[in-house]
Amino acid sequence: MTTSNKATTPIVSLHNTSKHYQQVEALKNINLQLDAGEVLGLFGHNGAGKTTMMKLILGVIEASQGDVRIFGVDPQSKQAWHSRRQIGYLPENVSFYDHLTGLEVLTYFSRLKSVSKQQVIALLEQVGLTAAMKRKVKTYSKGMRQRLGLAQAFLGEPKLLLLDEPTVGLDPIATKEFYQTVDALKSNGASIILCSHILPGVEQHIDRAMILSGGKQRAMGTLSQLREQASLPVTIHAQGLGTKLQDDPLLCQYLANDSQLRVPESDKLAVLRKLLDYEQMSDLHIEPANLDQLYQYYLNDSTAFDSAAPEQQEAPSQSAVHNKSEAVSS
């Protein structure tokens with residue numbers, strides 16, 4: 001029997017991290033470990049502390065309390081200078097020099113990161129700006145400026161991406177292409193923090209979610225973990241049963257409308273077995289609580305964070321789970 005001592009340094013590590021501005025607590029006791037190839041969805045209303053957290057990670061501001069480590073070093077230290085080329089950042093309100101062309105803007109940023117001209121051209125093509133790359137930025141629409149911002153963030157194939165509202169201003173096709181790029185970067189080992197108010201479509205691209213409110217960490221974990229703690233009902237759509245649902249003494253108590261049931265997770269299997277007894281049922285569809293429902297739950301439930309298990313405050317990262325299972329199996 002052998003025991004593995006392999007340890008992986010998290011790409012991002014925040015431990016009991018707080019940031020104060022005089023009497024304002026922008027962030028309070030935030031804990032996070034983000035591993036290589038992991039995507040974190042960062043959610044919260046305006047003023048929740050999302051941008052402050054990103055600035056701490058970038059090293060733009062210094063934590064008032066606690067510890068911040070990016071690629072294993074303090075982002076405020078001189079040693080962090082070497083790792084900054086590995087970081088890509090898209091701010092919420094992207095802004096560029098209006099009198100430069102899109103090509104000139106991206107070329108300027110590429111020189112800061114020592115990126116080749118070939119990658120500049122390839123990225124402009126990837127975000128759909130090839131035809132407009134020699135036009136001045138002042139002629140760009142909001143969506144075109146956003147796509148230029150994404151190209152800037154993707155320069156140099158960064159190992160850490162911080163994306164603040166990246167799909168604002170993008171049309172559905174551009175949004176789909178953006179998430180395809182996110183998935184590709186993740187598969188190549190990049191870690192990504194994705195901050196968005198547009199929740200539909202996000203959940204299938206993230207590994208874990210952090211929900212902030214008033215600078216406090218209200219929830220942290222995989223969507224499965226958050227669903228389990230929230231105990232929100234499962235929605236079951238059963239087609240072709242007519243009035244059978246209303247007439248059934250077990251099923252009628254969960255009835256939301258003629259063909260829809262809202263069932264507690266603990267009762268799900270019993271309800272499904274009962275539904276499968278009906279041969280005339282033509283279709284069955286199960287929907288767990290989605291990201292928007294979880295978000296609303298954790299923001300509105302004042303006891304959600306206080307009553308959470310300790311692991312929510314320091315939810316295990318991918319490497320922690322892997323190392324634990326490795327030790328058990330060995």
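The values are calculated or read from the model by the stated rules, or taken from the named source; none is laboratory data. Being a predicted model, the structure only gives us computed values, none of them experimental. Cβ sites come from the backbone with ideal geometry, for glycine too, and all protein chains shown count toward neighbours. These accessible areas exclude ligands, DNA and RNA; they are computed on the full protein's heavy atoms, side chains included. Shrake-Rupley method; radii C 1.70, N 1.55, O 1.52, S 1.80 Å.
With respect to L170, is the statement that it is within 22 Å of L42 (Cα to Cα), assigned by the TED database to the domain that holds A36 and among the hydrophobic types (A, V, I, L, M, F, W, C) true? Don't jump to the end; show me each part of the working.
Details: within 22 Å of L42 (Cα to Cα): yes; assigned by the TED database to the domain that holds A36: yes; among the hydrophobic types (A, V, I, L, M, F, W, C): yes.
Spelling it out, L170 is indeed within 22 Å of L42 (Cα to Cα), assigned by the TED database to the domain that holds A36 and among the hydrophobic types (A, V, I, L, M, F, W, C).
Just so you know, in the stretch 205-257 the residues that are charged (D, E, K, R) and in contact with a strand residue (DSSP E or B) (Cβ under 7 Å, 6 or more places away or on another chain) include one that is farthest from A48 (Cα to Cα), and it is D207.
Exactly one residue out of Y108, Y89 is among the aromatic types (F, W, Y), out of contact with any helix residue (DSSP H, G or I) (no Cβ under 7 Å at 6 or more places or on another chain) and closer than 28 Å to F71 by Cα: that is Y108. The lone criterion from (1) at pLDDT 90 or above; (2) farther than 30 Å from I192 by Cα; (3) of a type outside the set (A, V, I, L, M, F, W, C) left unmet by E265 is number (1).
Applying the selection to the stretch 162-184, what residues are open to solvent by 30 Å² or more (accessible area, probe 1.4 Å) and either under 19 Å from A122 (Cα atoms) or part of a helix (DSSP H, G or I) (or both)? Hits for the stretch 162-184 are P172, I173, T175, K176, E177, Q180, D183, A184. Tallying residues that are assigned to a helix (DSSP H, G or I), touching a residue at least 12 places away in the same chain (Cβ under 8 Å) and open to solvent by less than 60 Å² (accessible area, probe 1.4 Å) within the stretch 230-269 yields 6.
Of the numbered criteria (1) buried (at least 18 other Cβ atoms within 10 Å of the Cβ); (2) touching a residue at least 40 places away in the same chain (Cβ under 8 Å), the one S187 fails is (1).
Quick grid of which residues meet (1) surrounded by 19 or more Cβ atoms within 10 Å (Cβ to Cβ); (2) without any contact (Cβ under 8 Å) to a residue 24 or more places away in the chain; (3) not small (G, A, S):
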| site | (1), (2), (3) |
| --- | --- |
| G72 | no, no, no |
| W81 | no, yes, yes |
| P91 | no, no, yes |
| R147 | yes, no, yes |
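The single condition among (1) at pLDDT 95 or above; (2) more than 23 Å from L299 (Cα to Cα) that T2 does not meet is (1). Of all the residues in the stretch 190-229, those that are within 18 Å of Q293 (Cβ to Cβ), open to solvent by 50 Å² or more (accessible area, probe 1.4 Å) and not acidic (D, E) number 8.
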